[in-house]
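Have a look at the structure below before the remarks.
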Amino acid sequence: MTPTVSVIIPAYNGKGHLEANLPSLLEATRGRGGVEVIVVDDGSADGTPEFLAARFPQITLVTLGTNRGFAGACNAGVGAARGEIVYLLNSDVRVLPGFLDPVLRGFTDPTVFAVGSRELPSQGEGTFTVAVPFFRFGLFGHRYLETAGIPAHPIPVLFVSAGHAGFSREKFLSLGGFDDLYRPFYWEDIDLCYRAWRRRWRVILEPESGVRHAGQGTIGRFYARGTIQGVYWKNRFLFAWKNLRDAAFMAEHLACLPLLLAGLPVLRGWAVLKGFAWALGQLREALRKRRQETGGVTISDRQILELFSDYP
């Protein structure tokens, strides 16, 4: 039986994006039962709730009194959803016709936690890229690998983008949803999928489901470039402090930390040091959440990396 689906769009001052992209979503889901569309207004000041009520009365609106950030808005939407599958969609992403069925097909496997859609450029078909994880100089990271062609079947990935992916609502809630440790954005989807892999729940990318990044990124409209880079590095450090369980990995992280702080600013800019300082401000919170994450862990950091060792 086809599961019921809730498409959840977090929106902060995103009236223009919603006006441009909601019609394609409503057209793509028209005529099929068991689909609800939820927009979570994350404390907007641009009249988004009033606009949606007048222009798109068929959607369900969840209004947050204050801005909770990306993780908080998504978690609120999942909490209000009725679907067995929740599909998270950024307001500046436009779905393509037929995007939903391939995603739902992935959940016929009960071990699947998340199914991501393929992101295409605003024009053309682009290439098929996969985020391949690595652990180097004491930090987790990933590089994007372009495949020789479009795969014929879904492929396992470390994480899917929370801007265009479906999740098992039951599993999402059992993991506690996105962790607001990573506020205001970045790494929350990597963290969530990493925790799912720890429970041997699979995360896959579905090449037959397509979306286009249809507008200017929301983050870039509200944050300076230096701040965005600082947040990225803050959350990359926090990910390591919260999630590393392998003793050798942690020893490498601590040994490399002075070298990273000395060398990375030269290579990547001073935002690295800004991010590290911000991460230190959240260290106690990260350690507390690390202690809370002990339940349900069945495979190690090293085993998770080995899942993707076949990628070149």
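Things worth noting here:
- Among the residues making up region 267-276, those that are over 16 Å from Arg183 (Cβ atoms) and either surrounded by fewer than 19 Cβ atoms within 10 Å (Cβ to Cβ) or not aliphatic (A, V, I, L, M) (or both) are Leu267, Arg268, Gly269, Trp270, Leu273, Phe276.
- When Glu206, Glu252 are checked against the criterion of being crowded, with 18+ Cβ neighbours inside 10 Å and either aliphatic (A, V, I, L, M) or under 28 Å from Ser309 (Cα atoms) (or both), a single residue qualifies: Glu206.
- For region 21-50, a residue qualifies if it is part of a strand (DSSP E or B) and touching a Lys or Arg at 6+ places or on another chain (Cβ under 7 Å), and the qualifying residues are Glu36, Asp42.
- Residue in region 43-64 that is closer than 15 Å to Phe167 by Cα and either in contact with a Gly (Cβ under 6 Å, 6 or more places away or on another chain) or crowded, with 16+ Cβ neighbours inside 10 Å (or both) present: no
- Exactly one residue among Ser309, Ser209 is in contact with a strand residue (DSSP E or B) (Cβ under 9 Å, 6 or more places away or on another chain), polar (S, T, N, Q) and either within 20 Å of Tyr144 (Cα to Cα) or part of a helix (DSSP H, G or I) (or both), and that residue is Ser209.
- With respect to being surrounded by fewer than 15 Cβ atoms within 10 Å (Cβ to Cβ) and under 26 Å from Pro10 (Cβ atoms), Ala224 fits the description.
- Here Leu18, Leu61 are screened, and the one residue that is in the same structural domain as Val211 (by TED's automatic domain parsing) and part of a strand (DSSP E or B) is Leu61.
- Residue match in region 149-167 (condition: on the phi > 0 side of the Ramachandran plot, in a loop (DSSP other than H, G, I, E, B) and at pLDDT 95 or above): no
- Contact map, region 292-312: first residue at pLDDT 80 or above and surrounded by 12 or more Cβ atoms within 10 Å (Cβ to Cβ), second residue in a loop (DSSP other than H, G, I, E, B) and of a type in the set (Lys, Arg), Cβ cut-off under 7 Å, separation 6 or more or different chains; pairs are Ile299/Arg200; Ser300/Arg245; Asp301/Arg245.
- Evaluation of Ala196 against (1) surrounded by fewer than 19 Cβ atoms within 10 Å (Cβ to Cβ); (2) in the same structural domain as Glu84 (by TED's automatic domain parsing); (3) in a helix (DSSP H, G or I) (one fails), failing number: (1)
- Within the option set Gly230, Gly166, being touching a Lys or Arg at 6+ places or on another chain (Cβ under 6 Å) and surrounded by 19 or more Cβ atoms within 10 Å (Cβ to Cβ) holds for one residue only, Gly230.
- Residues (touching a helix residue (DSSP H, G or I) at 6+ places or on another chain (Cβ under 9 Å) and of a type in the set (Gly, Ala, Ser)) located in region 18-38: Ala28
- Taken together, the criteria exclude Val39 from residues that are crowded, with 23+ Cβ neighbours inside 10 Å, assigned by TED's automatic domain parsing to the domain that holds Ser174, β-branched (Val, Ile, Thr) and in contact (Cβ under 8 Å) with a residue 60 or more places away in the chain.
- From the options Leu139, Leu145, residue that is at pLDDT below 95 and more than 17 Å from the chain's Cα centre (by Cα): Leu145
The values are calculated or read from the model by the stated rules, or taken from the named source; none is laboratory data. Worth saying up front: this structure is predicted, and the values here are computed from it rather than measured. A quick note on method: Cβ atoms are made from the backbone with ideal geometry, for glycine too, and the neighbour counts reach across all protein chains shown.
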